[in-house]
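Asker: I have a structure here, written as structure tokens, and I will follow up with some questions on it.
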Amino acid sequence: MRKKILDSKILYMVVSVLLAIVLWFYVTSLDGNESTKTIKNIPVTFTGVDVLEERNLMIVGSIPTATVEVRATPTVLAKLTDSTVSLVVNVSQITEASEYRLAYTATLPSGVSQNDVEFVSGYTGNVTFTVARFVTREVDIRGQFVGTAAEGYLPGGSDEFIFAPKKLTISGQAGMVNQVDHVLVSVGGEGLDHDVSGEFSYQLIGVSGEPLEDLDVTCSEESIYVTYPIWATAEIELDLKFIPGGGVSEDTVRYTMTNDRITVAGTKDAVAAITDGSITLATINLATVNDGDELTFAVPLADELRNISGITEVTIKFTLPHLVTKTLYATDISCINLPDGWKAQLVTQVLPVEVRGSAAMLSDVSEDSIRVVADMKDVNLVAGQHTVPVKIYLDSVGSAGEVGVIGSEHKVVVALSKKK
């Protein structure tokens, strides 16, 4: 039994060797018989492209292809495909943008000799292709907001986008690159209450304002980093501060304002800093205001805030009801703080002073109630006449908010001389 099994193994080995020998003879006999093969759609390979680029030229459009027919043994034919056979065109002599028809030459892959292959057709031939002018240019980047802001917030303007990079470089065929007018980045979001920032895609926009689809150009960036502000807003009251005088106080003065509030926009922190308060337009000395006066003030605003209401100035009209005025001629004029070694002589002997208040209060005011004091401490010590500011006092009368002198700039003339 064991001998039969051993005899069977030997038989199998003999049969296998015989089959291998037969197969080898068969393949060898086939390889000796040449046949033809058609290789279609072989793309043309251009050499000298670097020379074109130095001349600001480029090959555009689809790469031309050609077909070759070859004769060789089966073993060689197996190595010849549209990816191993090359059709080479040298473009280094081209100097202008135009359409060209040049000859190509077929080359075989490494390991295949020219003696092993017969080109039935297509070893050489002509292909047509286009060379265009190559340009590079920078274009502007613009942004648009396509979302919504939360209540109490305002989207920034189109000029408030910040881009990185600031411009986009586009290169390629001149006819295509020159179609691009600018780059548009769209930023969105719903109910936003904070600034937007991040990488965003973009569109190439033509001179007509329409997007340019499938434009065969190369861009320096795949995306653009955008920062876009969402501003907080608030309505702020406009306020006035008063210094009582001339018989008028904060409680008795009456006035109207062309606007008593404005709307501002800014960062959350900047807006929060003033939303609980107000903006003071001006501090007004009521002694300098007359009935019917109109004063106009610019609206002051911190640099980090923006006045989106457009109200840049406010006019205040004053009404001083039930007040009368009286002119008195003060003669009690004195000088104080006169430096040692100098003497002063009053050239002004009488100073008209206009006083305002209620009729009842003014009845108690006379020239004897008025003192005029000239402070000489800041006078230039040069002999001769000098105009000196004075302060006017009303003695034994009501407060400045009940009766007072109109105006804040009164002056007298004083003659200075050195003591002998």
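Asker: E138: open to solvent by 50 Å² or more (accessible area, probe 1.4 Å) and not in a strand (DSSP E or B), yes or no? So that I can check it myself, show each step before the final result.
Answerer: Details: open to solvent by 50 Å² or more (accessible area, probe 1.4 Å): yes; not in a strand (DSSP E or B): no.
For E138, the condition - open to solvent by 50 Å² or more (accessible area, probe 1.4 Å) and not in a strand (DSSP E or B) - is not met.
Asker: So, one more: Given the condition part of a strand (DSSP E or B), in contact with an Asp or Glu (Cβ under 6 Å, 6 or more places away or on another chain) and under 14 Å from F163 (Cα atoms), answer yes or no: does some residue in region 217-229 qualify?
Answerer: Within region 217-229 (the criterion being part of a strand (DSSP E or B), in contact with an Asp or Glu (Cβ under 6 Å, 6 or more places away or on another chain) and under 14 Å from F163 (Cα atoms)), the answer is yes, since at least one residue qualifies.
Asker: Would you be able to say whether some residue in region 365-374 is in contact with a strand residue (DSSP E or B) (Cβ under 6 Å, 6 or more places away or on another chain), closer than 21 Å to T252 by Cα and not small (G, A, S)? Show your work before the answer.
Answerer: Start the filter on region 365-374 by keeping residues that are in contact with a strand residue (DSSP E or B) (Cβ under 6 Å, 6 or more places away or on another chain), which leaves 365, 367, 369-374.
With the extra rule that they be closer than 21 Å to T252 by Cα, the set shrinks to 365.
Then drop every residue that is not not small (G, A, S), which leaves 365.
Within region 365-374, one or more residues are in contact with a strand residue (DSSP E or B) (Cβ under 6 Å, 6 or more places away or on another chain), closer than 21 Å to T252 by Cα and not small (G, A, S).
Asker: Residue check, K343 against (1) part of a loop (DSSP other than H, G, I, E, B); (2) surrounded by fewer than 16 Cβ atoms within 10 Å (Cβ to Cβ), all met but one. Which one?
Answerer: K343 satisfies every listed condition except (1).
Asker: Here are the criteria: (1) open to solvent by less than 40 Å² (accessible area, probe 1.4 Å); (2) modelled with pLDDT of 95 or more; (3) over 20 Å from A174 (Cα atoms). Tell me which single one G147 does not satisfy.
Answerer: Result: G147 fails condition (2) only.
Asker: While we're looking at this one, here's another question. Tell me which of these L301 doesn't satisfy, since it passes every other one: (1) part of a loop (DSSP other than H, G, I, E, B); (2) open to solvent by 40 Å² or more (accessible area, probe 1.4 Å); (3) within 29 Å of L184 (Cβ to Cβ).
Answerer: (3)
Asker: Turning to a different aspect of this structure: For the structure I just gave you, tell me whether I284 is of a type outside the set (F, W, Y), at pLDDT 90 or above, within 30 Å of Y153 (Cβ to Cβ) and crowded, with 18+ Cβ neighbours inside 10 Å.
Answerer: no
Asker: What pairs can you find where one residue is in region 261-280 and exposed (fewer than 15 other Cβ atoms within 10 Å of the Cβ), the other is part of a strand (DSSP E or B) and among the basic types (K, R), and their Cβ atoms are less than 6 Å apart, with a gap of 6+ or different chains?
Answerer: Partner pairs satisfying both residue conditions: T280/K241.
Asker: If you don't mind, there's one more thing I want to ask. Among the residues of region 150-161 satisfying the criterion of being open to solvent by less than 70 Å² (accessible area, probe 1.4 Å) and not in a loop (DSSP other than H, G, I, E, B), which is nearest to V207 (Cα to Cα)?
Answerer: So the first thing to find is which residues in region 150-161 are open to solvent by less than 70 Å² (accessible area, probe 1.4 Å), and the list is 150, 152-157, 160-161.
Checking the rest, the ones that are also not in a loop (DSSP other than H, G, I, E, B) come to 153-155, 160.
Details: Y153: 34, L154: 30, P155: 27, E160: 23 Å.
Only one residue tops the list, namely E160.
Asker: Restricting to region 104-126, count the residues that are open to solvent by 40 Å² or more (accessible area, probe 1.4 Å) and of a type in the set (G, A, S).
Answerer: 4
The values are calculated or read from the model by the stated rules, or taken from the named source; none is laboratory data. What you are looking at is a predicted structure, and each value in this text was computed from that prediction instead of being measured. Quick reminder, even Gly has a Cβ in these numbers, built from the backbone with ideal geometry, and neighbours come from all protein chains shown. Each accessible area value is taken on the protein alone, full model and side chains, heavy atoms only, with ligands, DNA and RNA left out. Shrake-Rupley method; radii C 1.70, N 1.55, O 1.52, S 1.80 Å.
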